[in-house]
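For reference, the structure discussed in these notes is given below.
The values are calculated or read from the model by the stated rules, or taken from the named source; none is laboratory data. Worth saying up front: this structure is predicted, and the values here are computed from it rather than measured. Virtual Cβ from ideal backbone geometry, glycine too; neighbours counted across all protein chains shown.
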Amino acid sequence: EQAIHWDALGDDNDFTIEYSTNNGAGWNLIDVVDGASRVYVWKVPAALSGTCYVRLTRNGVSAQNEVPFTIMDIPTNLDVLRACPDSIRIKWDPVDGATAYDVFLLGEKYMDSLGTTTGLIFDFPTTDGDPTLDHWYSVRAVGDLGLRSRRANAVLYNEGEYACGFNTDVSLSSLITPDVSLFSGCELFESVVEIIVINGGSQPVSDIQVGYQVNNQPAITATLPITLEPDDYYTYVFDEPLSISDDGLLNLKVWSSVSDDEFAVNDTLYHEIISVVYPVDGASVDFAEDFEGAIPPAYWSIINPDEEVTWEVATVPGITGMDTRAMSINNFLISTIEKEDILVSVPIDLSDLNLTNPVLFFDLAYALYNLNSYYDALRVDLYTDCGEQLEGTIYFKEGAELATVPLQNNVFQPAGANDWRTELVNLKDYLGTTITLQFVYIGGPGNHLYLDNIEVLQVNTDIALSSLVSPNVDQITNCGTYSTDVEVLVTNGGSQTISDIEVSYQVNNLPVVSATLPIALDPGQQYAYTFDNPLTLAEGGLINFKAWSSVSDDEWSGNDTVHLEIDAVIYPGTGEPLDYTEDFEGNALPAYWKILNPDDAITWEMANVIGSTGTLTTALSLNNYFYNNGGAEDYLISVPIDLTSAGLTNPFLAFDLAYTFLSTINIYQYDALRIDLYSDCGEQFEEIIYYKEEYELATVPPIGVQYQPNNAEDWRTELVDLSDYLGTTITLHFVNITESGNDLFLDNIRVFQFDPPTAGYSISNEEICENTPAIFQSTSTGFFSTHNWDFGAGAVPALATGPGPHIVTYTMPGSSNVSLTVTNVVGTATESGTIEVVEPPIPDFSFAADDQGNVVFTDLSTNGTSYSWDFGDGTGTSPDQNPSYTYTENGDYTVTLSVTNDCGTETTTQTVSIFINGLRDLDPSVLTTLLPNPTHGQTTLQIEGLQAGDVQLQLMDVVGRSLSVVESQNVSGIFQHTFDLKNHAAGLYFIQVQTPQGNRVLKLVVQ
């Protein structure tokens, strides 16, 4: 069996469910179900195809699964034939249509492929040579054209050596038929007995005996007609079939035997069959069972596959308010998930020609357990041919839909009539056969479920309001007053023509609106009627809408009335204008927003967390971590947003998201987020505009604990183009799809006009100096823009992204071209400019001095804009670029030039030697000679007549620059010094002589 799930709007008209096994070339009917149904349990037919589809059709509109699926049986009866230190041998039963089988073994994380075989036996190596370690193995069937079944549920073997090393070992591997655990019928039941025998030894074996026995009846035996080679198998069908004609528990035993079999443990199989053989053609209508007698009642049966808690009788207040005996199942104590326990009815004969409208009635009481992730289901399967042929599921409800009372946080027991509900199923599609009904409980651990008063009755007069065609929605979002026609579909479900049929509807406690159908309805006829008065809603809120039909002598009132709860959000205008932002900072859900929680379990709620700015914020959160209802959807529905404004061209949705999924060594679970867009102020579904899951949805890496954002980097802003919906008012449905992964957070939902960007930037300095940092900052406008910078020649870095600030250094002077390109999804803009990179000043100067102390200074600097001179005598300064200065004393002066521009001040110094003629001339008694003069290289200066004291000689060029200085202390009499001028350029030079007896300057010519 497989459950078919689907989504649809409204409950109008039935769904037709079909399947195809030939890629949609042909379709087969599965069932027709009520328009309120959203799940159907399908007994998958015996077929073999890899191109299967399921299709649902209602009101002329069809939908089917997008990707084909495969129908192919799964290998069964997986078992170990032999376990040795080096290998384990497994076996399984054959699958119809299989040409080979893939074998798998659980590896470190996954089921790893071991190989493929065309047989029913496979040997695989043990882990570390140890058959006591865990070995989880599985098998799947392989058909033609690569067709593959699902893998069988993995089987664990860790029991050590078993049947290892035998020469002779014949085992009865499988009982193929009979494979039923229940026979319920109205006549003799016959089944062939088919078995598989395997030679698990190391040598051929012949004369193999096989047999079967039912209870203590005589055994049926036979000899296999072949010799079995080692590892070979043989399928054998006994000549004499198994016949069942009596009620009771049948113990079927099958075996194999051979002389000298060394391992008898695997020779025998046992199978139990519950037999319910009704002595006539079935109970007649009107049939009723109130469970006031023996349990189970005669020709009823209970199937309890796990031999744990199952159906039993309980005395409780019934649907009349009085104590009654009802069938009950104690789901509160059940620990097995999705277990099934079956209550099988007596055969019921629907072949009477006078029957026209048989209806199944049963009373139900059930409560959800307050831990709302635990709930149960009830399914009713119908079998025809006196219980031999499954036709389909005629009833399925689970969870809140099944419940007859609100949630309970303890063991449920009905307290009175109001805790019960009567369920009705029409059986006229099965006229002409004898049926059995199987009431199948599915679930656990949940809460108690009760059944009583199971009846199949002929209904002669029955007018049903079979469908509410309009309104057919349980949610309304509208701008301004909402109005819609009220249309009902009325059906004559009885066996006679009926007239004077009245139909009515009522909204909350407002006056009833009634009308009489203008026609009489024949048996089976339907009539669609539209009331003259439409449904009009001017205000929102919970709307209780009820429509019903009535006629005198109606025998079945259970199908007369349809209730519809409408959760209406009526927005007073045309929708919120752009730019719209919702940051959820209020204490409650914003006005005209809505949360839908279909399973009444965990849903959207406010949460205080660190937001996208890195500060505490209020966001919408969904706790998937503790949400144990896989596939459940929870909806956050926005206020209507008006996209009709003139001049609106690029509306976009933006929202902040934080999420990660759950991943540990043993768990890997992730959730999904979908956004559905509705137009016409929320009335018309348009499309899914956003869907992400797993890594694509996650904003941080997966973790193994419950998630909550801790910093701004945990968030990501998502962006969706809404320009296709210009001209309408939209609503947005944010849909969390849980798979028990981890918590998801939404914040700052914005719908805005997304304009192309404008580009611009600022620079920290008006002038940029070489090798000095400058700061560039974008002043561009535009949402969600990317920034790409090119800072031009000599820039470090040369390129950058992002708005800045960016610190840039230029390594060479001159002009440099800067550009900033700003891009978003609706446009691009570029701002370009040229900057001048300025060098720091480089100071330099020259000077010319005469013999009167006058010096002319010439500026040789570059990049200077202002100047400051210090002439080194303690008083003289100048701001001029090329100043002149007169010294009054002989001596060496350190002259400093400071040159300034916008990039700073730099300084240089030179020494200026001043010798003023006539200022304390040398005493005439002191004689000086300089020979040779002119000279080509060396010349010697001799001074005679010196009194004791210090002597200084200074060689200067023609402009007064000092080239060398010679100092001698405590000199008297004659003093000589030789100057080496070989490396000096030809020209005029001066030698300044300073003694205690005065000064003298001598001219020297170098040739």
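Side notes on the structure shown:
- Subset of the stretch 341-363 [of a type outside the set (Phe, Trp, Tyr) and surrounded by fewer than 18 Cβ atoms within 10 Å (Cβ to Cβ)]: Ser351, Asp352, Leu353, Asn354, Thr356
- Filtered residues of the stretch 262-279 (kept if over 18 Å from Ala298 (Cβ atoms), modelled with pLDDT under 90 and surrounded by 16 or more Cβ atoms within 10 Å (Cβ to Cβ)): Phe263, Asn266, Ile273
- Checking each residue in the stretch 958-1002 for being over 18 Å from Pro924 (Cβ atoms) and either part of a loop (DSSP other than H, G, I, E, B) or not assigned by TED's automatic domain parsing to the domain that holds Gln947 (or both) picks out Val958, Val959, Gly960, Leu981, Lys982, Asn983, His984, Ala985, Ala986.
- Residue that is surrounded by the most Cβ atoms within 10 Å (Cβ to Cβ) [pool: residues in the stretch 549-574 that are part of a loop (DSSP other than H, G, I, E, B) and of a type in the set (S, T, N, Q)]: Thr574
- A single member of Ser20, Ser62 is more than 29 Å from Asn153 (Cα to Cα), among the hydroxyl-bearing types (Ser, Thr, Tyr) and at pLDDT 90 or above, and it is Ser62.
- Condition broken by Val276, with the remaining ones in (1) among the β-branched types (Val, Ile, Thr); (2) out of contact with any helix residue (DSSP H, G or I) (no Cβ under 9 Å at 6 or more places or on another chain); (3) closer than 30 Å to Leu350 by Cβ satisfied: (2)
- Near pairs, Cβ below 6 angstrom, 6+ apart or cross-chain, from the stretch 857-879 (of a type in the set (D, E, K, R)) to any residue that is assigned to a loop (DSSP other than H, G, I, E, B): Asp859/Gln881; Asp859/Asn882
- Only one of the numbered conditions (1) farther than 12 Å from Leu364 by Cα; (2) of a type in the set (Val, Ile, Thr); (3) surrounded by fewer than 20 Cβ atoms within 10 Å (Cβ to Cβ) is not met by Thr436, and that is (3).
- In the stretch 448-474, the residues that are part of a strand (DSSP E or B), over 18 Å from Glu289 (Cβ atoms) and charged (D, E, K, R): none
- Pairs linking a residue in the stretch 987-1007 that is within 16 Å of Gln947 (Cα to Cα) to a residue that is acidic (Asp, Glu), with Cβ atoms under 7 Å and 6 or more positions apart or on different chains, are Gln997/Asp923; Gly998/Asp921; Gly998/Asp923; Asn999/Asp921; Arg1000/Asp921.
- Within the stretch 49-140, strands (runs of 3 or more DSSP E) holding 2 or more residues that are free of Cβ contacts under 8 Å to residues at least 12 places away in the same chain and farther than 19 Å from Ile196 by Cα: 61-64, 111-117
- The condition of being surrounded by 15 or more Cβ atoms within 10 Å (Cβ to Cβ) and without any contact (Cβ under 8 Å) to a residue 24 or more places away in the chain holds for only one of Ala759, Ala795, Ala774, that being Ala795.
- Residue in the stretch 474-481 that is charged (D, E, K, R) and over 27 Å from Leu407 (Cα atoms) present: no
- Scanning the stretch 1-27 for residues that are free of Cβ contacts under 8 Å to residues at least 12 places away in the same chain and not aliphatic (A, V, I, L, M) returns a single hit, Gly26.
- The residues of the stretch 677-705 that are under 21 Å from Asn629 (Cα atoms) and assigned to a strand (DSSP E or B), listed by number, are Tyr691, Lys692, Glu693, Ile703.
- Within the stretch 907-948, being on the phi > 0 side of the Ramachandran plot and either under 60 Å from the mean Cα position of the chain (by Cα) or modelled with pLDDT of 85 or more (or both) holds for one residue alone: Gly945.
- Condition check for Leu636: buried (at least 19 other Cβ atoms within 10 Å of the Cβ) and either over 26 Å from Met606 (Cβ atoms) or among the hydrophobic types (A, V, I, L, M, F, W, C) (or both): yes
- Unique match (being in the same structural domain as Asn447 (by TED's automatic domain parsing), outside any helix (DSSP H, G or I), buried (at least 18 other Cβ atoms within 10 Å of the Cβ) and of a type in the set (Val, Ile, Thr)) among Val380, Val411, Val425, Val405: Val380
- The number of residues in the stretch 649-665 being farther than 17 Å from Asn824 by Cβ and at pLDDT below 95 comes to 6.
- Hits in the stretch 802-833 (condition: assigned to a loop (DSSP other than H, G, I, E, B), β-branched (Val, Ile, Thr) and within 30 Å of Asp721 (Cβ to Cβ)): Val825, Val826
- Residue, farthest from Ile121 (Cα to Cα), within the stretch 134-176, restricted to residues that are buried (at least 19 other Cβ atoms within 10 Å of the Cβ) and charged (D, E, K, R): Asp169
- Residues of the stretch 496-541 classified as surrounded by 13 or more Cβ atoms within 10 Å (Cβ to Cβ), among the small types (Gly, Ala, Ser) and on the phi < 0 side of the Ramachandran plot, total: 5
- Matching entry among Asp579, Asp600, Asp671, Asp583 (being surrounded by fewer than 20 Cβ atoms within 10 Å (Cβ to Cβ), touching a residue at least 60 places away in the same chain (Cβ under 8 Å) and either in contact with a helix residue (DSSP H, G or I) (Cβ under 8 Å, 6 or more places away or on another chain) or polar (S, T, N, Q) (or both)): Asp600
- Qualifying positions in the stretch 240-261 - surrounded by fewer than 18 Cβ atoms within 10 Å (Cβ to Cβ) and either modelled with pLDDT under 90 or out of contact with any strand residue (DSSP E or B) (no Cβ under 7 Å at 6 or more places or on another chain) (or both): Ser243, Ser245, Asp246, Asp247, Gly248, Leu249, Ser259, Asp260
- If you go through the stretch 280-320 and keep only what is surrounded by 14 or more Cβ atoms within 10 Å (Cβ to Cβ) and out of contact with any strand residue (DSSP E or B) (no Cβ under 9 Å at 6 or more places or on another chain), you end up with nothing.
- Filtered residue count, the stretch 434-484, keeping only those that are closer than 22 Å to Pro523 by Cβ, hydroxyl-bearing (Ser, Thr, Tyr) and at pLDDT 90 or above: 0
- Test: residue in the stretch 71-81 that is farther than 30 Å from Pro131 by Cβ and surrounded by fewer than 14 Cβ atoms within 10 Å (Cβ to Cβ): no
- Failed condition for Asn628, given (1) under 29 Å from Phe754 (Cβ atoms); (2) of a type in the set (S, T, N, Q); (3) in contact (Cβ under 8 Å) with a residue 40 or more places away in the chain: (1)
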